[in-house]
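Accompanying notes for the structure given below.
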Amino acid sequence: MEVFVRRLPKVELHLHIEGALEPELMFEMAERNGIPLPYETVEDARKAYQFEDLQSFLDIYYQGANVLVTERDFFDLTWAYLLRCKADNVIHTEIFFDPQTHTVRGIDFDTVINGIYHALRQGEKELGITSKLILCFLRHLSEEEAFETLSQAEPHLNRIVGVGLDSSEIGHPPAKFQRVFAKAMSMGLKTVAHAGEEGPANNIWDALSLLNVSRVDHGVQCTQDPILVAELAKTRMPLTVCPLSNVKLRVFDTMEDHNILTLLDKGLCVTVNSDDPAFFGGYMTDNFLALTHALSPSKHQLVQLTKNAIEASFISDEEARQLNAQLDDFWQNHGDGH
Ligand code: HPA
Ligand code: ZN
């Protein structure tokens, strides 16, 4: 089963690029940019990555992002992530970036997006990994600041597929961003939002009705509301679920308690994703392995998780056909008959 999981073609739809900053690279960038770190060593940093909840993680995550200064830093960060994708057989990835984490420190929006975008293009050329970029608004900041960020994105609209909403869910419900999401949609952007990670099922309803999302990020709290679960199944509304993240941030006590396979069996379009892999203990294969060890999915269920991610992705029908063909090919060679 382990070989099957490692070789399974994967599609990632929920990855914060700042959350892929490994401590080794963080130290390298801190050194070259002259930015102080609150850790003596890489091991100290890893030891500090113990979280009680989302906020205790976010404090450390924003702190780490302070070392990102130049276009080269954003390029190197993204390139390192893409090399991990290659190792994990990730064939397509749709990644988030948090421009406000950088613009508040005086880093230009253009520096951030240019570095990330050039690495993504090189990843497509040299590694054969296709990708999309999603701009996330930080929900603990104001509506006005989100509008300001959207206007900074305007010259780069051809590089961005959509907008998302991340950071502290509790106290910052979807309604706060209804107008800026409507503006983004009028500019041709798709919308997604973190909802029902720590917050209530009602945030998922509001993300659907007020923000018109095409996917819900996390969404695992939907089980609080059976009517919502039925609606998500009926509409095949995708949930980008992040198993290791949920255990690290104590959304579930243990991986054995995770509801992803229950939701899959109810017909929901659930997908597996790594969220912030440098902080939560692993990339795509690690997430698939952790849920495989804890929940014993069938090979058919594992393949369905990638099928769902292809269905939920923002690629064209033709690109989806190509990814599904790769998956079918894998199933012919490694499926139940083998
Ligand atoms: N939730 C909310 N905000 C985030 C996350 C998350 O899992 N990761 C990075 N920013
Ligand atoms: Zn996330």
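Straight-line cross-link reach from K183 at under 30 Å between alpha-carbon atoms covers these lysines, not counting any fewer than eight positions away in the same chain: K132, K234.
Strictly over 20 Å apart at the Cα level, which of K10/K125; K10/K248; K125/K190 would you flag in this model? Write out the running numbers ahead of the final one.
Values: K10/K125 18 Å; K10/K248 22 Å; K125/K190 25 Å.
Going by Cα-Cα distance, K10/K248; K125/K190 fall outside the 20 Å limit.
Accessible area per residue, 1.4 Å probe, Å², for the stretch 1-97: what's the number?
Details: 3930 Å² over 97 residues.
That works out to 40 Å² per residue.
With a ≥ b ≥ c the root eigenvalues of the C-alpha gyration tensor of the chain, is it rounded (a/c under 1.5), prolate (a/b larger than b/c) or oblate? Rounded.
Averaged per residue, what accessible surface does the stretch 213-338 expose to a 1.4 Å probe, in Å²?
On the way: 4950 Å² over 126 residues.
It amounts to 39 Å² per residue over the stretch 213-338.
Charge tally for H102 (other residues, Cβ to Cβ under 9 Å; Lys, Arg +1; Asp, Glu -1): -2.
Over the stretch 1-335, with every protein chain in place, what whole percent of the accessible area is carbon and sulfur at 1.4 Å, could you tell me?
Working: 6300 of 12980 Å².
Summing carbon and sulfur atoms, their accessible area is 49 percent of the total for the stretch 1-335.
With K and R counted +1 and D and E -1, the other residues having a Cβ less than 11 Å from that of Y62 yield a net charge of -2.
A simple packing score, the average count of other Cβ atoms within 10 Å per residue, orders the peptides 23-35, 55-67 as 55-67, 23-35, with the highest score first. The distance from the alpha carbon centre of the stretch 25-99 to that of the stretch 190-233 is 28 Å, rounded to a whole number.
For D217, the residues whose modelled amide H falls within less than 5 Å of its own, excluding neighbours fewer than 5 places apart on the same chain, are A193, H194, A195, T240.
The values are calculated or read from the model by the stated rules, or taken from the named source; none is laboratory data. In this text, all values refer to a predicted model and were calculated from it rather than measured experimentally. All Cβ positions, glycine included, derive from the backbone under ideal geometry; neighbour counts span all protein chains shown. We work out accessible area using only protein heavy atoms, side chains counted, and drop any ligands, DNA or RNA first. Shrake-Rupley method; radii C 1.70, N 1.55, O 1.52, S 1.80 Å.
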